[in-house]
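> Handing you a structure now.
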Amino acid sequence: MKLLENKTAIITGAARGIGEAIALKFAEHGANIAFTYVSDSSEEKARALELKLSAAGVKARSWKTNAADYAQSEIFVSEVIREFGTVDICVNNAGISKDNLLLRLTPEQWSEVMEVNLKSVYNITRQVIRPMLKAKSGSIINMSSIIGIKGNAGQSSYAASKAGIIGFTKSIAQELGSRSIRCNAIAPGFIETDMTQYLQEGEISKSFLDKIPLGRFGTSEEVSNTTLFLASELSSYITGQVISVCGGLNT
Ligand code: NAI
């Protein structure tokens, strides 16, 4: 059974990793996909993903746009609406980490993480709610992190940005629930992607694995399954929630 037939989904930062897995999962379930990437080096991957998504029989297009930039986000969403007609689902997935102990954390590093991880969620969400309000339905899914719930030494900027996403999510859920627009967050634990490459080797990997009840890192596909659930009508009575996909780490 296809869960997202004829829906249009926006996914930010989808040329690789968790975002790419979500795009593929949504396409498998019949959604048309508008996704973003930010760097020139991702262009080839974005084109390849467009082809893969189209091969699944859905409409797919990528935009090179910086989700941290308000003006670019406004243009991006208006172009998606012009081309796809509407936006039913929005996955705010783009994110970066600039890990450093507080004494070494520069104002520039702090601001960059806040702009990409948190301001981007405001930038895109503020635009997508217009078509959702018109349609009186929609599902917004924000990619937080277990670190936004637990905190972590050396990750204060990342943790603050991801905790901010949770506050934003709960507020938007309350603001827009009466219009049947749902807003939820996902808090992944350690997922095997480029972002966590440095954690996946040697002693450091073992120290993390010891803390995970399921005894392994998660996969992007496992995060995409939860995202599919939150995007679809299977979660029609769920809003304002944070779902951890963390192998039990947050227990
Ligand atoms: P990744 O580094 O593979 O992917 C992040 C994507 O965001 C990349 O495609 C990148 O180009 C894009 N991006 C970065 N800045 C952007 C901007 N300004 N505008 C548009 N796109 C931008 O990382 P991964 O692991 O796939 O992470 C996806 C999301 O999941 C992130 O928000 C991350 O914080 C979150 N997350 C990841 C975890 C993990 O263990 N991998 C754990 C918890 C949360």
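The values are calculated or read from the model by the stated rules, or taken from the named source; none is laboratory data. Just so we're clear, the structure is a prediction, and the values are computed from it rather than from any experiment. Using ideal geometry, Cβ is built from the backbone for each residue, glycine included, and neighbour counts are taken over all protein chains shown. Heads up: the accessible areas ignore ligands, DNA and RNA and are worked out on the full protein's heavy atoms, side chains in. Shrake-Rupley method; radii C 1.70, N 1.55, O 1.52, S 1.80 Å.
> Among the residues of region 7-27, write down those that are buried (at least 24 other Cβ atoms within 10 Å of the Cβ), more than 13 Å from the ligand (Cβ to nearest atom) and assigned to a helix (DSSP H, G or I).
Answer for region 7-27, where residues must be buried (at least 24 other Cβ atoms within 10 Å of the Cβ), more than 13 Å from the ligand (Cβ to nearest atom) and assigned to a helix (DSSP H, G or I): just 26.
> Could you tell me how many of the residues in region 177-203 are of a type in the set (A, V, I, L, M) and either in contact with a Gly (Cβ under 8 Å, 6 or more places away or on another chain) or open to solvent by 70 Å² or more (accessible area, probe 1.4 Å) (or both)? Walk me through it before giving the result.
First, pick out the residues of region 177-203 that are of a type in the set (A, V, I, L, M): 181, 185-187, 191, 195, 199.
Filter once more, keeping what is either in contact with a Gly (Cβ under 8 Å, 6 or more places away or on another chain) or open to solvent by 70 Å² or more (accessible area, probe 1.4 Å) (or both): 181, 187, 191, 195.
Residues in region 177-203 being of a type in the set (A, V, I, L, M) and either in contact with a Gly (Cβ under 8 Å, 6 or more places away or on another chain) or open to solvent by 70 Å² or more (accessible area, probe 1.4 Å) (or both): 4 in total.
> Outside any helix (DSSP H, G or I), open to solvent by less than 60 Å² (accessible area, probe 1.4 Å) and more than 9 Å from the ligand (Cβ to nearest atom): is that true of residue 62 in this structure?
Working: outside any helix (DSSP H, G or I): yes; open to solvent by less than 60 Å² (accessible area, probe 1.4 Å): yes; more than 9 Å from the ligand (Cβ to nearest atom): yes.
Yes: the conditions hold for residue 62.
> If I ask for residues that are open to solvent by less than 30 Å² (accessible area, probe 1.4 Å), within 11 Å of the ligand (Cβ to nearest atom) and outside any helix (DSSP H, G or I), which ones from region 28-47 would you list?
35, 36, 37
> Taking region 48-58, which residues are out of contact with any strand residue (DSSP E or B) (no Cβ under 6 Å at 6 or more places or on another chain) and part of a helix (DSSP H, G or I)? Spell out the reasoning first.
At the first step, the residues of region 48-58 found to be out of contact with any strand residue (DSSP E or B) (no Cβ under 6 Å at 6 or more places or on another chain) are 48-49, 51-52, 55-57.
If the condition is that a residue be out of contact with any strand residue (DSSP E or B) (no Cβ under 6 Å at 6 or more places or on another chain) and part of a helix (DSSP H, G or I), then 48, 49, 51, 52, 55 are the ones that fit.
> Of all helices (runs of 4 or more DSSP H) completely enclosed by region 150-244, which ones contain at least 3 residues that are within 12 Å of the ligand (Cβ to nearest atom), closer than 23 Å to residue 115 by Cα and out of contact with any strand residue (DSSP E or B) (no Cβ under 9 Å at 6 or more places or on another chain)? Write out each step before concluding.
Details: elements: 156-176, 202-209, 220-231.
Those helices (runs of 4 or more DSSP H) span 156-176.
> Would you tally the residues in region 85-132 being touching a Pro at 6+ places or on another chain (Cβ under 6 Å) and either open to solvent by 20 Å² or more (accessible area, probe 1.4 Å) or part of a helix (DSSP H, G or I) (or both)? Quick ask: steps written out before the conclusion?
So in region 85-132, the residues touching a Pro at 6+ places or on another chain (Cβ under 6 Å) come out as 86-87.
Those left that are additionally either open to solvent by 20 Å² or more (accessible area, probe 1.4 Å) or part of a helix (DSSP H, G or I) (or both): 86.
Matching residues across region 85-132 total 1.
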